[in-house]
Amino acid sequence: MPNAWFETVAEAQRRAKRRLPASVYAALLAGSERGTTYEDNMAAFAEAGFAPHVAGLPAKRDQATTVLGESISLPVIISPTGVQAVHPDGEVAVARAAAARGTAMGLSSFASKPIEEVVAANPQTFFQMYWMGDKDSMLGQMARARAAGAKGLIVTLDWSFSHGRDWGSPHIPERLDLKAMARFAPEGITHPRWLLAFARSRRLPNLTAPNLTPVGEKGPTFFGAYGQWMQTPPPSWEDVAWLREQWGGRFLLKGVCRVDDAKRAVDVGVDALSVSNHGGNNLDTTPATIRVLPAIAEAVGGQIEVLLDGGVRRGSDVVKALALGARAVLIGRAYLWGLAAGGQAGVENVLDILRGGIDSALLGLGRSSIHELTPEDVVLPQGFTRPLGLPGPSGTR
Ligand SMILES: Cc1cc2nc3c(=O)[nH]c(=O)nc-3n(C[C@H](O)[C@H](O)[C@H](O)COP(=O)(O)O)c2cc1C
């Protein structure tokens, strides 16, 4: 029996690539157009460095913090992803892993599992929605999430329907009926562990979005929902304020990468924002999130919680983000690779890798707590940052 444990997220990704059918792997890798932003999200973390100490280091290091009022044991939470067909337990396995490691779960409105099951697995669940459909259907999604006990709402706004990828997009069927399974069959045969996991669960991968309709009603197919989203006119800032008011509870705006937008978000009353470019899946050539974070944290970090997502694969990435002004980070592909590699245990493994890496970086930097981190803890090459949306004659600098 090979050792199920893996030591880095890169190894989890290699195992995910081996285990998943090529089309499922490609759907998770995603990225848009040339993949410049997808790559820069990770490359920028590698460009930022540390200057460690050797003695007088703290014997104990503290990672506990809060996000949207929820206590978490490390500054990392689960970013919402529309994960279909990766693992039979899907988002419930991810929620269990996050609960076991003391952190919160973001659940996508395009997720494959009902929110009630996810909240039962992890009471620290935030529900994520897009601006899609009419106001009644958005109120319906919020009502269901509230009734299920969601601890906060994440509204994601950075999506501009940019679909093409230079390395090609996978074929994803409308639903997994026998015809589609026959088309998938060669991929399943060459990836027997993936197929076996679904065979054991006696379920086909779920390609519907159950959280978009009231409890008990059949959810739309993934593509049906996507089509409806594409046809919805994009929201104004007044619409965002409306969502914020209707929800009433803790509210996080995901997808900000400019200072002017961050200020508008504060004006409409958000409690938190995530500096994000959707993991490089939105407008390609948008700079890495870690490059745009410092200016946003400086502008609004004193008023709301500033989080970051995009490119986080190591504990040291988390420490760099915190040193540059983030309160915590959200992870996307890192836990998807863990889920594909080992289900719930694989996601726990990823969270353990990040916790261990954060601890090592704190030790080396001589910090006894994540709350002591400052920009002086990281070394940035000249021209590293990209402050976007600052006022002044040069406009977007
Ligand atoms: C396969 C995939 C599906 C995603 N689906 C959603 C989604 O439904 N809602 C959302 O807000 N963000 C979604 N995202 C974006 C993630 O929440 C997050 O912003 C991104 O993955 C962070 O980058 P990282 O993967 O490098 O950590 C998705 C990302 C991926 C890779």
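The values are calculated or read from the model by the stated rules, or taken from the named source; none is laboratory data. The structure displayed is predicted, hence computed values, not measured ones. Reconstructed Cβ throughout: ideal geometry from the backbone, glycine too, with neighbour counts over all protein chains shown.
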Note on the range 275-288: residues within 11 Å of the ligand (Cβ to nearest atom) and on the phi < 0 side of the Ramachandran plot are V275, S276, N277, N281, N282, A288
Scanning the range 24-77 residue by residue, the ones that are within 25 Å of R96 (Cα to Cα), surrounded by fewer than 14 Cβ atoms within 10 Å (Cβ to Cβ) and touching a Leu at 6+ places or on another chain (Cβ under 9 Å) total 1
Identify the single condition in (1) among the small types (G, A, S); (2) over 13 Å from S79 (Cβ atoms); (3) touching a Leu at 6+ places or on another chain (Cβ under 8 Å) that A334 does not satisfy, given that it satisfies every other one.
-> (2)
When both residues are 6+ apart or on different chains and their Cβ atoms are under 6 Å apart, which pairs have a first residue that lies in the range 95-121 and is within 16 Å of R146 (Cα to Cα), and a second that is within 15 Å of the ligand (Cβ to nearest atom) and part of a loop (DSSP other than H, G, I, E, B)?
-> G106/S79; G106/P80; L107/P80; S108/P80; S108/T81; S108/G82
From P58, P75, grab the single residue that is over 25 Å from K218 (Cβ atoms), more than 16 Å from the ligand (Cβ to nearest atom), modelled with pLDDT of 95 or more and not β-branched (V, I, T).
-> P58
Scan the range 78-91 for residues that are farther than 26 Å from V306 by Cα, within 16 Å of the ligand (Cβ to nearest atom) and either charged (D, E, K, R) or surrounded by fewer than 24 Cβ atoms within 10 Å (Cβ to Cβ) (or both) and jot them down.
-> Q84, G90
Of the numbered conditions (1) within 16 Å of the ligand (Cβ to nearest atom); (2) free of Cβ contacts under 8 Å to residues at least 60 places away in the same chain; (3) of a type outside the set (D, E, K, R); (4) surrounded by 21 or more Cβ atoms within 10 Å (Cβ to Cβ), I358 fails exactly one; give the number of that condition.
-> (2)
Out of the range 302-327, which residues are closer than 26 Å to L29 by Cα and among the acidic types (D, E)?
-> D309, D317
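Among A265, A326, which is the only one that is part of a loop (DSSP other than H, G, I, E, B) and either touching a His at 6+ places or on another chain (Cβ under 6 Å) or of a type in the set (A, V, I, L, M, F, W, C) (or both)?
Going through A265, A326 in turn, the sole match is A326.
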Condition broken by P220, with the remaining ones in (1) under 19 Å from W159 (Cβ atoms); (2) free of Cβ contacts under 8 Å to residues at least 40 places away in the same chain; (3) surrounded by fewer than 17 Cβ atoms within 10 Å (Cβ to Cβ) satisfied = (3)
Scan the range 260-271 for residues that are surrounded by fewer than 22 Cβ atoms within 10 Å (Cβ to Cβ) and either closer than 20 Å to R291 by Cβ or of a type outside the set (V, I, T) (or both) and report the count.
-> 7
Matching residues, the range 289-305, being within 17 Å of the chain's Cα centre (by Cα) and within 15 Å of the ligand (Cβ to nearest atom) = T289, I290, L293
Only one residue in I296, I304, I353 is closer than 29 Å to A265 by Cα, among the β-branched types (V, I, T) and in contact (Cβ under 8 Å) with a residue 40 or more places away in the chain, so which one is that?
-> I296
